[in-house]
Number of protein chains: 2
Amino acid sequence: MNSNSQCKGRQSLAFQKDVYIAGSSSIVGKKEGEGPFGTFFDQVVEDPLFGKDTWEEAESAFQAEAVKTVLEKTKMDKSEIRYIFAGDLLGQAIATSFGLMEFEIPIFGLYGACSTSGESLMLSAMTVAAGYADHVLAVTSSHFASAEKQFRFPLEYGNQRPLSATWTVTGSGAFVVGTAKSKIKISGVTTGKIVDYGVKDSMNMGACMAPAACDTIYQNFMDFQIGPEEYDKIVTGDLGFVGHDILVDLLKDRGYDIGDRLTDCGMTIFNDEEQDTHSGGSGCGCAAVMLSANFIRQLEEGTFKKILFVPTGALLSTVSFNEGQSVPGIAHGIMIERC
Amino acid sequence: MNSNSQCKGRQSLAFQKDVYIAGSSSIVGKKEGEGPFGTFFDQVVEDPLFGKDTWEEAESAFQAEAVKTVLEKTKMDKSEIRYIFAGDLLGQAIATSFGLMEFEIPIFGLYGACSTSGESLMLSAMTVAAGYADHVLAVTSSHFASAEKQFRFPLEYGNQRPLSATWTVTGSGAFVVGTAKSKIKISGVTTGKIVDYGVKDSMNMGACMAPAACDTIYQNFMDFQIGPEEYDKIVTGDLGFVGHDILVDLLKDRGYDIGDRLTDCGMTIFNDEEQDTHSGGSGCGCAAVMLSANFIRQLEEGTFKKILFVPTGALLSTVSFNEGQSVPGIAHGIMIERC
């Protein structure tokens, strides 16, 4: 191990220094712009097609815009970015391939469902801490319409949604992770395992993912020999209201009552009662844009000193679901703090 | 950068020491077993369903069997593996999620189409060289029937295949990458960019991927200031006969006549004339099982001293294809040598 990093316990790494989030961006759709964090996103795109012909091309456009925006904000040229770690929810990650091709940067395609924003930040931090790059990009996206088309029903059906269903966030977040000192650093990571409690309801993904979130948060505490008091906030990705309550119970069973330290990007990105989003927002864009527009901002402002960012993923496809498989979950933990 | 590694040029890393392939496994289907390398694979599974109910579950079973086999061959317990880097071709990588869940190892899901075997080995090597793990697993798979169902036509249609089409390999390869000295080491990697020449024919993926292979091979030469004579073989993944010829021409245009140093896993895994596989084999299982059963074996036996393994991926989905998008390619280069 190089002197900048240390293996911790069974699933974690600690970075002693030098892994900073130099900047981030959040590009969202109209509905997200109408939510409680609307004024904090870098850009609210009113046209859900973003001027393109298809939902998939639109999602790619959100990714490209997120990258351009973070490069502008950090005053960096694309030639200074050595690698991109990126992914999305669509089959064969086409939003990523077509969205990021134009930048001509060596790329690692990732898939971890809605945990991908965590996976991309984790591999970015590992790559920078190892000295393999001065700066890399972590990029993820989701789009309500491309996700509904992929996983559920054509929008034109106007199908009813159960109260446990989440609303896929239209948006993309991009993060420059690098060695140049900034206010925000990634100090450690806990890589998740796939956890399957046998839940088979794809309209209740919170319940599918909560056990994985519990596993990763608990393992983070064990590996670093810390408790919830280490963090000002523990931020899950898109458990939504249903999954959040399950996670609270599961953590209590393991001896941790983390109470109001626990929050969830999906629960907070929309004003649920007014915006009719049921269990909350979801998608790998959800956690990414909320990390950028809310949590990193609050770390920079000093409201928080340290958070554990735990995006959660539900590992299913329409094929696995239709064939009667369960929906396993995965969650990755990223320790982000103010320097 | 830690002392064991060095950034090379624009896209490459050199590992000075300590990154070994401790062992590998190859589990293939009946047709692959009937090909010229049939006797070299660890296991030929006659039943294409591998005792399961669906093609996707069967593909998962190939992955699980590949992992069990490589753990047996290396006499390792799953608890000694710190991370898995894995992926497959199916939407939302379900073959991987359901295939590897049982091992309860922290996992990074990857997607790089048929280049995923290279991506998984590359991230494995980077992780080990950085000291983040003593041993990790790189696992990929593909399955003829699950891929045809995903990307082309139901098998029951009995559709005709153009001569440029490839035959998706049924199989999975797994590699233990770690610090324990073995005969085979990974000495460097060149990460690929997405390259799009605008080819739109999903039945001619070789043509879509050849420009990316050329780009990565050329960049490997530039970054390390070497030429083709550095390698006994340059092994592309699944360009097939059509893509191979294009790659030879593209490299000639850049001043390199690499002639019979160049070989392709897809071109060689089947006996094309007898097995009616047209342009050759493909799929992220193809390059993985051929690397394990043929190239690593020949490195161990001393036939080769050093190879450049360049699995290639065609970045498309049925959605992107049906919406008229081109098929961009990506290729990653892994420098593998006998110690």
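The values are calculated or read from the model by the stated rules, or taken from the named source; none is laboratory data. Being a predicted model, the structure only gives us computed values, none of them experimental. Note that we place each Cβ from the backbone using ideal geometry, even for glycine, and neighbour counts take in every protein chain shown. Areas reflect the complete protein model, heavy atoms only, side chains present, ligands, DNA and RNA absent. Shrake-Rupley method; radii C 1.70, N 1.55, O 1.52, S 1.80 Å.
Things to note:
- B:Leu308 vs. criteria closer than 20 Å to B:Gly206 by Cα, more than 14 Å from every other protein chain (Cβ to nearest Cβ) and in a helix (DSSP H, G or I): no
- A:Phe151 being within 25 Å of A:Ile94 (Cα to Cα), under 17 Å from the mean Cα position of the chain (by Cα) and hydrophobic (A, V, I, L, M, F, W, C): no
- Taken as a whole, the stretch B:26-37 holds no residue that is of a type in the set (Ser, Thr, Tyr) and either within 11 Å of another protein chain (Cβ to nearest Cβ) or open to solvent by 10 Å² or more (accessible area, probe 1.4 Å) (or both).
- All conditions but one from (1) in a helix (DSSP H, G or I); (2) open to solvent by less than 20 Å² (accessible area, probe 1.4 Å); (3) in contact with a helix residue (DSSP H, G or I) (Cβ under 6 Å, 6 or more places away or on another chain); (4) not charged (D, E, K, R) apply to A:Leu250; the one that does not is (2).
- Selected residue (criterion: farthest from B:Ser279 (Cα to Cα)) from residues of the stretch B:177-208 that are among the aliphatic types (A, V, I, L, M) and away from every other protein chain (no Cβ under 13 Å): B:Ala180
- A:Leu110 being at pLDDT 95 or above and more than 18 Å from the chain's Cα centre (by Cα): no
- Residue check, A:Thr268 open to solvent by 10 Å² or more (accessible area, probe 1.4 Å), more than 14 Å from chain B (Cβ to nearest Cβ) and hydroxyl-bearing (Ser, Thr, Tyr): yes
- Looking across the stretch B:51-64, just one residue is open to solvent by 50 Å² or more (accessible area, probe 1.4 Å) and more than 11 Å from every other protein chain (Cβ to nearest Cβ), and that is B:Gly51.
- Any hit, the stretch B:29-45, residues being in contact (Cβ under 8 Å) with a residue 12 or more places away in the chain, over 19 Å from the mean Cα position of the chain (by Cα) and assigned to a loop (DSSP other than H, G, I, E, B): yes
- Selected residue (only one of B:Asp245, B:Asp215, B:Asp223 is without any contact (Cβ under 8 Å) to a residue 40 or more places away in the chain, acidic (Asp, Glu) and not in a loop (DSSP other than H, G, I, E, B)): B:Asp245
- Leading residue by the ranking (least open to solvent (accessible area, probe 1.4 Å)) among those in the stretch B:8-17 that are assigned to a loop (DSSP other than H, G, I, E, B) and within 11 Å of chain A (Cβ to nearest Cβ): B:Gln11
- Selection within the stretch A:84-109 - among the hydroxyl-bearing types (Ser, Thr, Tyr) and within 7 Å of chain B (Cβ to nearest Cβ): A:Ser97
- Scanning the stretch A:275-289 for residues that are under 22 Å from A:Met203 (Cβ atoms) and outside any strand (DSSP E or B) yields A:Gln275, A:Asp276, A:Thr277, A:His278, A:Ser279, A:Gly280, A:Gly283, A:Cys284, A:Gly285, A:Cys286, A:Ala287.
- Per the conditions (1) out of contact with any Phe, Trp or Tyr (no Cβ under 9 Å at 6 or more places or on another chain); (2) small (Gly, Ala, Ser); (3) closer than 22 Å to B:Phe151 by Cα, the sole criterion not satisfied by A:Gly109 is (1).
- Strands (runs of 3 or more DSSP E) contained in the stretch B:68-161 and holding at least 1 residues in contact with a Ser or Thr (Cβ under 7 Å, 6 or more places away or on another chain), open to solvent by 30 Å² or more (accessible area, probe 1.4 Å) and in contact (Cβ under 8 Å) with a residue 60 or more places away in the chain: none
Per-residue answers, yes or no, for (1) open to solvent by less than 10 Å² (accessible area, probe 1.4 Å); (2) among the aromatic types (Phe, Trp, Tyr):
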site	(1), (2)
A:Ala288	yes, no
A:Phe304	no, yes
A:Phe309	yes, yes
A:Gly313	yes, no
A:Phe321	no, yes
A:Gly324	no, no
